[in-house]
Amino acid sequence: MKKTASLAIIASTLALSLPAAAQFAKPEDAIKYRQSVMFIISQNAGRVGAMVQGKVPFDAKVAADSAATMEFMAKLPWGAFGEGTEKSANPTRSKPEIWTDKVKFAELAEKLQLETGKLNTAAKTGSLDNIKAAMSGVGGSCKSCHDAFRSKE
C-alpha cells in the first residue's frame, strides 16, 4: 500500500513536472524560476509569521492575501527541479538528495501544498487563532523539507 502511494506521488509529480520542465530553455532558467517562487512563498510566510508572533499588528486582509498567494505558489516550483538542474554556474542550496530521493521530495512538496491550503482556509476565517494553528503546519512543512533537501550554505 505504501509502495503504491509512493508510486502515485511520483507519477503525479512527474506529470505536473513535465509541462513545466518543457518551458525552460536552459537549466539556469529553471533554477531562477524555482528560486523566485520560493522567495515569494518566503516573503508571504514572513508577513503572516510576523503577525502570528505579534511582531506586527494583525491584519486579516493581509494575512488572507498572503495565505492565498502561498497556496497558489506552493504548486509551482516542483517542475523546475528537473534533470539537469542539480548543478549550475550559480551556486544553489539544493542538496543532491532532491534528485536521488524523489519519493521523499515529492511527499514533502505535497505536504507543503496541503499545509498552505489549510492556511488559506484558516485565513479566510479572519481568526488569528486559526491562522496561528495553520501556520504551525506550514512552518513544520518548510522545516522538514529544508532539513532534508536544503544546504545551510
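Quick check on Ser42: is it assigned to a helix (DSSP H, G or I), of a type in the set (Ser, Thr, Tyr) and surrounded by fewer than 20 Cβ atoms within 10 Å (Cβ to Cβ)? Criteria met by Ser42.
Looking only at residues in segment 45-65 that are surrounded by fewer than 19 Cβ atoms within 10 Å (Cβ to Cβ) and touching a residue at least 40 places away in the same chain (Cβ under 8 Å), which one is nearest to Ala122 (Cα to Cα)? The qualifying residue nearest to Ala122 (Cα to Cα) is Ala60. Selection of segment 138-151 for residues being surrounded by fewer than 18 Cβ atoms within 10 Å (Cβ to Cβ), of a type outside the set (S, T, N, Q) and in contact (Cβ under 8 Å) with a residue 12 or more places away in the chain yields Gly139, Gly140, Ala148, Arg150. If you go through segment 91-117 and keep only what is part of a helix (DSSP H, G or I), of a type in the set (D, E, K, R) and closer than 17 Å to Cys142 by Cβ, you end up with Glu97, Lys104, Glu107, Glu110, Lys111, Glu115.
Among residues belonging to segment 118-153 that are polar (S, T, N, Q) and assigned to a helix (DSSP H, G or I), point out the one that is farthest from Arg47 (Cα to Cα).
Ser144
Would you mind finding the one in Val138, Val52, Val103 that is hydrophobic (A, V, I, L, M, F, W, C) and over 27 Å from Ile31 (Cα atoms)?
Unique residue meeting the criteria: Val52.
Number of residues in segment 21-77 that are closer than 20 Å to Ser94 by Cβ and among the basic types (Lys, Arg): the value is 4. Of all residues in segment 103-127, those satisfying the criterion of being surrounded by fewer than 17 Cβ atoms within 10 Å (Cβ to Cβ) and either in contact with a helix residue (DSSP H, G or I) (Cβ under 7 Å, 6 or more places away or on another chain) or among the small types (Gly, Ala, Ser) (or both) are Val103, Glu110, Lys124, Gly126, Ser127.
Candidates in segment 66-87 are the residues that are of a type in the set (D, E, K, R) and either surrounded by fewer than 16 Cβ atoms within 10 Å (Cβ to Cβ) or in a loop (DSSP other than H, G, I, E, B) (or both); of these, the one that is modelled with the lowest pLDDT is Lys87.
The values are calculated or read from the model by the stated rules, or taken from the named source; none is laboratory data. Keep in mind it's a predicted model, so treat the numbers as computed, not measured. Here Cβ is always computed from backbone atoms with ideal geometry, including for glycine, and neighbour counts include all displayed protein chains.
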